[in-house]
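Accompanying notes for the structure given below.
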């Protein structure tokens, strides 16, 4: 595929699955500018890899892989700093201010903090689980076995329970 | 608090986020091509330049040692630089090959491991490329003097010039390797030194490999 001529198929698939972009960027970046950079980096990588997509898995599964791979590398490159999302900036960007738990229901704010505190790979696993992806698909995205995924999700649930307990 | 109880609320939040960002996609699409070219350029240039430098050095030194093959110390000078030029080309080619193996559409753990291996190779390769300069400047200066001015520096600089500089360079090379080994064995004291010596890429690569191993083991 020529870099100058992205296909309609590419644009159509990205449009259909754009939610993945924002979910992943939102989970890995608190700062709105970093988040915008991350969304762009993911899009660039999806576009560059598009000719390798062979249809052996669903496009959403493949896009999840790219989005998570780029997000993890982005975070590791320390481009994404853990700067809190300011309320004014959030309003300007039209985004909900998730750094401030007040606008969120208590449970969701707690979950957001829990996700923020996870290492990048655990974060990827939890993100896929919360998106209601089957264990087999999560295993496919991450490169684990479905059994291993189930075990790790069980441990994450346990950790969440343990962290929630003292706050009650 | 149960994770499954929060699932639907989390999905609603994300659906709302995607709706609010709908318009941004058009802007991103416009900027995509420019960004893609921007991202590719430094990587392609860096590797290309290094391989070109290696080819140039190999060519110049080959010409040099062929012309002076009857003079043993000039033959050795040319051969050393020729070998280093080939090392530069091989290093660049290997990095290109490792980059070519990266598939961001592949499973996350596999891609992250390959990225870490690339960083580790790049960091260690940097040592192989950089440390020889403790002594390699000697043949380079000799080749430049003979090639540009027709003067043999080794013969004209005095009897101690070559052995003294070789000894100092070799000691520096060995001391750097010993210090690197010490820094690796003392994680509490060594990281800053290693970062200076190997660049942060190797440190980050090792940390990533450790994380991957721990994630798979848990």
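The values are calculated or read from the model by the stated rules, or taken from the named source; none is laboratory data. This structure is a prediction, so every number in the text was calculated from the model and none was measured. In this analysis, Cβ positions are derived from the backbone assuming ideal geometry, glycine residues included, and neighbour counts consider all displayed protein chains.
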Applying the selection to the range A:1-30, what residues are assigned to a loop (DSSP other than H, G, I, E, B) and at pLDDT below 85? A:1, A:2, A:3, A:4, A:5, A:6, A:7, A:30
Residue among A:71, A:90 that is buried (at least 17 other Cβ atoms within 10 Å of the Cβ), outside any loop (DSSP other than H, G, I, E, B), within 12 Å of chain B (Cβ to nearest Cβ) and modelled with pLDDT under 50: A:90
Enumeration of residues in the range A:111-141 that are in contact (Cβ under 8 Å) with a residue 60 or more places away in the chain and touching a helix residue (DSSP H, G or I) at 6+ places or on another chain (Cβ under 7 Å): A:115, A:120, A:123, A:127, A:128, A:131, A:137, A:140, A:141
Every residue from the range B:83-118 that is outside any helix (DSSP H, G or I) and at the interface with chain A (Cβ under 7 Å from one of its Cβ atoms): B:103, B:104, B:105, B:106, B:107
From the options A:85, A:43, A:95, residue that is at pLDDT below 80, over 18 Å from residue A:131 (Cα atoms), within 9 Å of another protein chain (Cβ to nearest Cβ) and surrounded by 16 or more Cβ atoms within 10 Å (Cβ to Cβ): A:95
State the number of residues belonging to the range B:126-148 that are in contact (Cβ under 8 Å) with a residue 24 or more places away in the chain and within 20 Å of residue B:93 (Cβ to Cβ). 5
